[in-house]
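Each remark here refers to the structure printed beneath this line.
Rule-based calculations on the coordinates, nothing more; no lab input. The model shown is predicted, which means the values in this text are computed figures rather than measured ones. Reconstructed Cβ throughout: ideal geometry from the backbone, glycine too, with neighbour counts over all protein chains shown.
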Amino acid sequence: MRIECPYCGGRDHDEFSYGGDASKVRPAYDDADLDRWYEYVFLCQNPRGRHEEYWQHSNGCRQWLRVERDTLTHEIFSVRPSAATQPDANPTQEKDNGGRT
């Protein structure tokens with residue numbers, strides 16, 4: 001299977017690390033509902049057919065990508081940069097600068 005990295009071009013899938021289901025919605029950081037967190041962390045659907053996933057180009061540019069592929073045939077339909085720097089990143093949350101200004 002070859003993944004077309006938008007930054008590095010076509011590469012073998014061995015250069016990438018699977019990062020999980022890109023269709024799951026992460027609960028809010030302050031959500032205290034343990035059932036929602038349990039479902040998010042431990043339950044997965046293992047879908048059959050076309051599915052969107054996170055992949056990191058770990059042996060290349062190290063960017064996180066959203067890859068839409070068929071889980072049966074491994075045909076890749078689209079590859080695009082992820083809006084977040086990693087699957088669990090919350091783009092609206094301010095970054096902690098360690099007390100520095």
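Run the numbers on region 2-81 and let me know its relative contact order in percent, using alpha-carbon pairs under 8 Å that are six or more apart. Walk me through the intermediate numbers first.
Details: 126 pairs, mean separation 24.8, N = 80.
In percent, rounded to a whole number, it is 31.
Distances between every pair of Cα atoms in region 1-56, grouped in 5 Å steps from 0 to the bin holding the largest one, split as 4, 14, 21, 19, 14, 12, 8, 5, 1 percent.
Give me the net charge of Q63's neighbourhood, meaning all other residues with Cβ under 14 Å from the Cβ of Q63; Lys, Arg count +1, Asp, Glu -1. Spell out each step's value before the answer.
On the way: positive: R11, R62, R66, R80; negative: E4, E15.
Computed value for this residue: +2.
With each label modelled as a point 7 angstrom along the Cα→C-beta vector, the K24-C8 pair spans 2.5 nm. Compute the label zone of T73 within region 28-51: residues whose backbone N is under 20 Å from the point 7 Å along Cα-to-Cβ. So the set is 47-51.
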